[in-house]
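Working notes for the structure below.
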Amino acid sequence: MRGLLYRGLVMITAIAVMTSCDRIETKKISSSEYLSESWKAIDLHKVDGYPTFDTCSSQAEGEALRVCFEQTVTSTFYESFGKHTIVVNRELNDTIVVNFVVNEKGKYCIDTLAITPEIRTEIPKLEQWIHEAAKRLPQAKAATKQGVPVKTKFKIPVVLKVE
């Protein structure tokens, strides 16, 4: 009797398991739909890894790496400007914004320069000097997004204070 009860319980359990699987619905999505959903999840305005120089390789990832990159760019610009004698007719205290791009191969390109007409008049060679400074930047490793090298844009403020 016990064996019969045991068999009956096993049979009922087996039937319940087999029929309950039919009620589980799986949603099939197309690869294009999956790709579309994946793109929505990616924040295209942030990178996983900032561009870097060999001198910054000892830094940890993230914020420290970004700071090292920006300091290297800024110091290279100021060293380059320090090689020129700037003579002006009046005091200048202004900020120039250099917008540049680091492409997927780590190459630089100055995108735009925000130089006031007053500064262009007082220091006509400034734009040339900025391009020269950009050429002196060390070779960079591109920023990455999900392990893929990507193009990034940066704004570097250059403070001009000439007395």
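The values are calculated or read from the model by the stated rules, or taken from the named source; none is laboratory data. Computed from a predicted model, the values in this text were never measured in an experiment. Don't worry about glycine lacking a Cβ; one is built from the backbone with ideal geometry, like all the others, and counts go over all protein chains shown.
Key figures
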{"read-out": "Residue identified as among the charged types (D, E, K, R), in contact with an Asp or Glu (Cβ under 7 Å, 6 or more places away or on another chain), touching a residue at least 12 places away in the same chain (Cβ under 8 Å) and closer than 19 Å to P51 by Cα among K153, K141", "value": "K153"}
{"read-out": "Residue match in region 114-129 (condition: surrounded by 14 or more Cβ atoms within 10 Å (Cβ to Cβ), within 30 Å of K46 (Cβ to Cβ) and touching a residue at least 24 places away in the same chain (Cβ under 8 Å))", "value": "no"}
{"read-out": "Residue list for region 135-163, filter: assigned to a loop (DSSP other than H, G, I, E, B) and out of contact with any helix residue (DSSP H, G or I) (no Cβ under 6 Å at 6 or more places or on another chain)", "value": "P138, Q139, A140, A142, Q146, G147, K151, E163"}
{"read-out": "Qualifying residue in region 47-59 (condition: modelled with pLDDT of 70 or more, among the aliphatic types (A, V, I, L, M) and under 30 Å from R120 (Cβ atoms))", "value": "no"}
{"read-out": "Residue within region 110-123 that is among the polar types (S, T, N, Q), touching an Asp or Glu at 6+ places or on another chain (Cβ under 8 Å), modelled with pLDDT under 85 and in a loop (DSSP other than H, G, I, E, B) present", "value": "no"}
{"read-out": "The lone exception for T85 - which of (1) part of a loop (DSSP other than H, G, I, E, B); (2) in contact (Cβ under 8 Å) with a residue 24 or more places away in the chain it fails", "value": "(2)"}
{"read-out": "Among the residues listed as N103, N89, N99, N93, the single one being touching a Ser or Thr at 6+ places or on another chain (Cβ under 6 Å) and either over 12 Å from V158 (Cβ atoms) or surrounded by 13 or more Cβ atoms within 10 Å (Cβ to Cβ) (or both)", "value": "N99"}
{"read-out": "Test: F81 is out of contact with any Ser or Thr (no Cβ under 9 Å at 6 or more places or on another chain), surrounded by 18 or more Cβ atoms within 10 Å (Cβ to Cβ) and not small (G, A, S)", "value": "no"}
